[in-house]
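Notes follow once the structure below has been shown.
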């Protein structure tokens, strides 16, 4: 019986998503939104002509999936920045050193791990709406 109660407790703990799971879900949502925008049709008169490709540009050396992930990470990062600026505007709080360090780390690394650290520093301030 104790094995059964232990498995129920572990199942109930798994129901609560971790911060990393929540950030991953936001990144996936941002990727889907970007895909929808990319597939949306525009009237012919407002379509942009594709820019000539620079062979040294990062967009040429990355796969489409890498580009999609980078754009999604950046989109979520910008959303987190909006939340933090709104928090500071409403509370008058100074810039947190932890938030600044995490943001600078994300700007250098552009990875899911560094984005989770930004979200964690904002979660400590109870800013995250999700």
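General remarks:
- Odd one out for residue 123, checked against (1) at pLDDT 95 or above; (2) surrounded by 17 or more Cβ atoms within 10 Å (Cβ to Cβ): (2)
- Test: residue 108 is at pLDDT below 95 and loosely packed, with under 10 Cβ neighbours inside 10 Å: no
- Tallying residues that are within 14 Å of the chain's Cα centre (by Cα) and modelled with pLDDT under 90 within region 23-66 yields 1.
The values are calculated or read from the model by the stated rules, or taken from the named source; none is laboratory data. Note that the structure is a prediction, hence the values are computed from the model and not measured. Here Cβ is always computed from backbone atoms with ideal geometry, including for glycine, and neighbour counts include all displayed protein chains.
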